[in-house]
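Some notes on the structure that comes next.
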Amino acid sequence: MTTTIAASPLTAVDRCDRCGAQAYVRAVLLSGSELLFCAHHWHENETALRKISGTIHDETGRLADVPPTAAVEER
């Protein structure tokens, strides 16, 4: 079983190891290596990564947040 942990927040400078988009998931493998993924590549590989990861820091929930500066029609 893989646990999801509270780790240091991912920022805009953290990039997906597959495509270079902003990373929203950090998977720390059992070997100690760290991989970063955008939401798309995380969902595409989640099942396999959960099998080989020791910890997972998932911030994909931030994608549903509406920034306070969003226009009224975007809220």
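State which residue pairs qualify: first residue under 14 Å from ASP58 (Cβ atoms) and inside the stretch 28-39, second residue of a type in the set (Lys, Arg) and in a strand (DSSP E or B) in any location, beta carbons under 6 Å apart, and separation of 6 or more residues or different chains.
Every condition considered, the pairs that remain are LEU36/ARG26.
Check off (1) out of contact with any strand residue (DSSP E or B) (no Cβ under 8 Å at 6 or more places or on another chain); (2) free of Cβ contacts under 8 Å to residues at least 24 places away in the same chain for GLN22 and give me the number that stays unchecked.
Of everything listed in (1) out of contact with any strand residue (DSSP E or B) (no Cβ under 8 Å at 6 or more places or on another chain); (2) free of Cβ contacts under 8 Å to residues at least 24 places away in the same chain, GLN22 misses just condition (1).
Note down all Cβ pairs under 6 Å where the first residue falls in the stretch 51-75 and is within 22 Å of LEU36 (Cβ to Cβ) and in a loop (DSSP other than H, G, I, E, B), the second is aromatic (Phe, Trp, Tyr) and at pLDDT 90 or above, and they're at least six residues apart or on different chains.
GLU59/TYR24
The values are calculated or read from the model by the stated rules, or taken from the named source; none is laboratory data. This one's a predicted model, so the numbers in the text were calculated from it and none came from an experiment. Ideal geometry is used to build each Cβ from the backbone, glycine not excepted, and the neighbour counts take in all protein chains shown.
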